[in-house]
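Peer 1: Here's a structure for you.
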Amino acid sequence: MGVIEKLLPRQNELVRPPVANVTQALILIAPVPKPDFLLIDKLLIKYFSLGIKPILVINKIDLTKKKKLIATVEAQYQPVCQIVKICAHDGKCVRDTLEPICCNELTLLTGQSAVGKTSVLNALLPDIHQEIGGLSAKTDRGKNTTRHSEIFVLQNGGLIVDSPGFSAFVLESFTPEDILDYTVELAHFSKDCKYNNCNHIAESPTICAVKRAVDSGELNRDRYIRFCEIYKIAKEMEDKKYE
Ligand SMILES: Nc1nc2c(ncn2[C@@H]2O[C@H](COP(=O)(O)OP(=O)(O)OP(=O)(O)O)[C@@H](O)[C@H]2O)c(=O)[nH]1
Ligand SMILES: [Mg+2]
Ligand SMILES: [Zn+2]
């Protein structure tokens with residue numbers, strides 16, 4: 001039985017999982033199941049907006065398909081956040097890589113179902129034996145094995161919490177401006193657009209510095225395309241509010 005000793009101020013609060021004061025999120029990604037980059041971009045926006053530091057963790061690097069994934073992830077996310085590579089079946093690799101990162105933090109494990117979040121947790125804490133699941137043979141998707149969330153204490157005192165895998169994720173109450181602000185590497189270029197009401201989608205590259213950066217290769221085109229998609233959804237939701 002635990003005893004509440006002190007109530008600490010709430011820095012941030014997540015609904016799924018219901019946990020407060022998370023300081024960093026390990027967003028797991030793997031060669032299988034097929035990565036959902038739109039989900040990753042939305043999660044990045046969400047965590048940046050809450051002051052939660054995101055780290056991309058490429059798991060299952062024992063699989064042969066990893067090469068392409070590593071190249072894709074590095075090309076798209078190197079300017080955005082730290083990227084680490086692990087194999088959750090190799091306990092030493094997980095502990096050597098993630099323990100130092102998780103020291104003095106409240107870390108959230110997040111990502112699609114079956115990317116290996118719980119496997120990572122089990123590798124960090126070999127005594128806890130949390131249930132892991134496989135991939136559905138039919139759909140090549142996860143089976144949503146983890147259903148609850150619990151905070152565990154790591155050997156170095158860091159705190160860590162697992163979460164159920166995402167199937168769908170909507171960025172609620174984010175304005176188009178929020179989407180831009182928290183697509184951090186893109187926001188950086190937007191300061192040089194000719195007009196400050198530039199929306200970085202319909203304008204020509206002569207006006208829009210974001211578009212110029214995409215054309216010159218300074219900004220990753222795939223990230224930009226998904227930004228447009230997320231931005232448009234936020235705009236539609238905003239317009240609906242005033243209908
Ligand atoms: N080859 C390989 N398989 C892995 C690795 N990590 C996890 N797996 C496998 O991936 C499957 C899913 O692992 P889980 O840890 O249950 O994934 P999860 O992200 O917790 O899934 P949910 O709880 O459904 O969200 C299991 O069959 C694991 O054995 C890895 O590094 N390499
Ligand atoms: Mg799990
Ligand atoms: Zn612009």
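Peer 1: Restricting the stretch 179-225 to residues that are in contact with a Pro (Cβ under 7 Å, 6 or more places away or on another chain) and either in the same structural domain as residue 73 (by TED's automatic domain parsing) or among the basic types (Lys, Arg) (or both), which is surrounded by the fewest Cβ atoms within 10 Å (Cβ to Cβ)?
Peer 2: 212
Peer 1: Right, here's the next one. Given the criteria within 24 Å of residue 16 (Cβ to Cβ) and within 16 Å of ligand 2 (Cβ to nearest atom), does residue 49 qualify?
Peer 2: no
Peer 1: Within the stretch 50-71, which residues are of a type in the set (D, E, K, R) and farther than 19 Å from residue 122 by Cα?
Peer 2: 53, 65, 66, 67, 68
Peer 1: Still on this model: Considering only residues that are among the aromatic types (Phe, Trp, Tyr) and closer than 18 Å to residue 41 by Cα, look in the stretch 172-214 and name the one that is farthest from ligand 1 (Cβ to nearest atom).
Peer 2: Among those that are among the aromatic types (Phe, Trp, Tyr) and closer than 18 Å to residue 41 by Cα, it is 189.
Peer 1: If you take the residues in the stretch 182-202 that are in a helix (DSSP H, G or I) and touching a residue at least 12 places away in the same chain (Cβ under 8 Å), which one is farthest from residue 76 (Cα to Cα)?
Peer 2: Of everything passing the filter in the stretch 182-202, 190 is farthest from residue 76 (Cα to Cα).
Peer 1: Let me ask another. Just one of 26, 8, 56, 44 is out of contact with any helix residue (DSSP H, G or I) (no Cβ under 8 Å at 6 or more places or on another chain) and of a type in the set (A, V, I, L, M, F, W, C); which is it?
Peer 2: 8
Peer 1: Identify, please: which residue in the stretch 224-236 is out of contact with any helix residue (DSSP H, G or I) (no Cβ under 7 Å at 6 or more places or on another chain) and free of Cβ contacts under 8 Å to residues at least 40 places away in the same chain and is, among those, nearest to residue 176 (Cα to Cα)?
Peer 2: 232
Peer 1: Next up: Restricting attention to the stretch 116-150, and to residues there that are farther than 12 Å from residue 164 by Cα and within 19 Å of the chain's Cα centre (by Cα), which single residue is farthest from ligand 1 (Cβ to nearest atom)?
Peer 2: Checking each candidate, the answer is 141.
Peer 1: With 163, 173 as the choices, which residue is assigned to a loop (DSSP other than H, G, I, E, B), touching a helix residue (DSSP H, G or I) at 6+ places or on another chain (Cβ under 9 Å) and within 30 Å of residue 131 (Cα to Cα)?
Peer 2: 163
Peer 1: May I ask you to say which residue of 120, 115 is touching a residue at least 12 places away in the same chain (Cβ under 8 Å), assigned to a loop (DSSP other than H, G, I, E, B) and in contact with a strand residue (DSSP E or B) (Cβ under 7 Å, 6 or more places away or on another chain)?
Peer 2: Only one candidate qualifies: 115.
The values are calculated or read from the model by the stated rules, or taken from the named source; none is laboratory data. If you're wondering where the values come from, they're calculated on a predicted model, not measured in any experiment. A quick note on method: Cβ atoms are made from the backbone with ideal geometry, for glycine too, and the neighbour counts reach across all protein chains shown.
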